[in-house]
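Every number here is computed from the coordinates shown, using simple stated rules; none is lab data. Please read all numbers here as calculations on a predicted model, not as lab measurements. Glycine also receives a Cβ, built like all others from the backbone with ideal geometry; neighbour counts cover every protein chain displayed.
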């Protein structure tokens, strides 16, 4: 089975070469037969990669320690779910997941792209094949997950305990679906450059892919943030770690792309810019892969001592980013400029959005790479951490968030800013009220807190205003309004939901950062502690045994007003014997949108234990907002206009422009 | 508390984080004066634990981080200003210890890029919009204008 998997991977590599060369030459020579090769080859390539992945997953599930990768990252006593998720809980396996998703998207283009112009489809599949080929080669040459051990060891070395969590089952697949999803936008862009032709229908094909990738990336980042929050035991949700930034940059770029693609689809403007953004977004995904996979982040010098993998990915990076940008420089001038618009218009607002988002992306990029650059060119080392990003990224986001509610209400081409401001009066009043309430009743000391809450309410009410205005609230009869509401395009709801989610996330961040409280203390069993109105009694430490770990569970009783126990919160310190590692399992109690969060520290000699306790107001909104953003993207995807097949039906009946089909 | 976006660095990072498997600030470090303690916490968030990957001394469990936390508190108790504490730590451990690099010539590119891009991008957008509008208004040639006139005056 394992050798079958390895063989399937080699075959998939060979097929990816076919997928690159044959359709591209076909498109070049206008040979229909050669172009048609791309589709079936892409589907077969995906099937083979899936087979290969399944072979590795089965080796993990059955604890086949004759496979070096399984031996290194699994243990026979692990619960089955962690045995399976362990498949991608390591370098080799996660790269295999990466190509699996890449070929999956390629197969989707092949399956749903029947009404694409043949040459465009062939070129897209060819570029997709080329990306696949380099990564297949990377896996086969430097990171083979199927290498065998002889003699086979009796027992494995266990999966890293921190990864033995449900988060590993959800976070990497979501994240990779996002990361790799942008490869489709990249392939479409390169294909458009090869053909030297780009039009509004191109944007209509690219937009759903961007939405899909963005939706998954949003989910992946939110999930990763929550995982880190509960697993790491000190309750932070974002760290500005280079590894986080590696996924955040494609998200920021993808968000900009999402918005500029709207302008391109609706108004045929910003063509060249949209194309460049699509290239840059996937380039940032590749860069993230490089940063994370090459070990360059630990230290430039650590990278230099074992550079095989790093140099390989660097070559891939240079090939695709350099190649696509060179192609862009050569061909971009051929693309014609599109529709005109007044600065005060929906297009203008979206341009502003792009200006701030790309600047923010560049800020994160330079903050992430600068320490590496300094270390590479001089003997010095500097650090760029959270305080830098808070000081630069924060101020860039505030003006962007302030103008968000204006965008969807402005008309295309030429908007009336005063009319829009009038419609937003209610939202503005709500935000002002939130500022006053915060300043007077909650926290008068912090201007930042009051304004932050105001900004969040401005976003939330602005999103609701968008829906209200478009349904004719206050201007038409209630019955008409309901009909209009039901008849609004799904993409209008999508926009409003995404912006609403943004507001909720903002509210969660401001709430946690500004109104959170914390206590660090030593506690004996039976002692009580009070934090922000919540009374907790420490019941004591109890030993317990898991399948592949032992733990000390600290039990805490949450006391009601009358002193009775209303809930029990358990936090544990786990010890994994195989890796000789300990982890902290935080104890969390959700109350409304807020959470009580506690984790255990060292035990004292007198039987006391160090307890760190947090009250995190509105913290769940941070990730809840992410889910709402995902729902927004899903809603937009369901829009009639973007649904597969719908536009082509219209084409048949009305005989409209041939480029009006989708996907 | 990083969300882990790649398993390799995740594992590496988290292994480092969990090396001590305890909590960062310990009760015995906390200063009696809440105002001084608050300043100590704020300062600690700006200083890097030099043996960790991207962690401030406020979050790290490493012994070095603990030493630095105690040192920061000692200087504060001795009456140093925030600036003096930072300068003192930098003089002993180098600029690497600062999570927010100083505004210096070497870091000009780091601090300057966001500002430069925002302004350059803004100016570029304004200029492009202007030039495209002026070309658009000149779009009619004399013949087109004549044709338009005949159409408009047909009645």
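Numerical summary
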read-out: Ascending count of other beta-carbon atoms within 10 Å, so fewest first, for A:628, A:127; value: A:628, A:127
read-out: Where only alpha carbons of region A:517-616 are counted, the Rg and the Dmax (Å); value: 13.7, 46
read-out: Cα-based convex hull volume of region A:417-516 per residue, rounded to whole Å³; value: 106 Å³
read-out: Modelled FRET efficiency - R0 60 Å, residue A:550 with residue B:131, Cβ distances, 0.05 increments; value: 0.25
read-out: With 10 Å bins from 0: P(r) over region B:24-134, alpha-carbon pairs, percent; value: 13, 35, 22, 13, 9, 7, 2, 0
read-out: Estimated distance in nm for a label pair at residue A:25 and residue B:82, the labels positioned 7 Å out from Cα along Cα-to-Cβ; value: 6.7 nm
read-out: Inter-probe distance in nm under a simple model that places probes 7 Å from Cα toward Cβ, at residue A:319 and residue A:475; value: 5.5 nm
read-out: Gain upon complete extension [residue B:105, residue B:38; 0.36 nm per residue less C-alpha separation]; value: 20.9 nm
read-out: Largest-first principal axis extents of the Cα set of chain A (Å); value: 82, 76, 55
read-out: 13 Å cut-off, amide nitrogen to a point 7 angstrom out along residue A:528 Cα→Cβ, residues in region A:540-565; value: A:557-565
read-out: Stretch gain in nm, segment residue A:14-residue A:483, where the contour uses 0.36 nm per residue and the Cα spacing is subtracted; value: 163.3 nm
read-out: Alpha-carbon spread of region A:129-248, three principal axes, descending order, Å; value: 58, 43, 21
read-out: Sites residue A:377 and residue B:91 - FRET efficiency at Förster radius 35 Å, r taken between beta-carbons, to 0.05; value: 0.90
read-out: Efficiency of FRET between residue A:308 and residue A:429 - r from beta-carbon atoms, R0 60 angstrom, step 0.05; value: 0.45
read-out: 222 nm mean residue ellipticity, helices alone, for the protein assembly as shown (DSSP H n ≥ 4; -39,500 (n - 2.57); rounded to 500); value: -20500 deg cm²/dmol
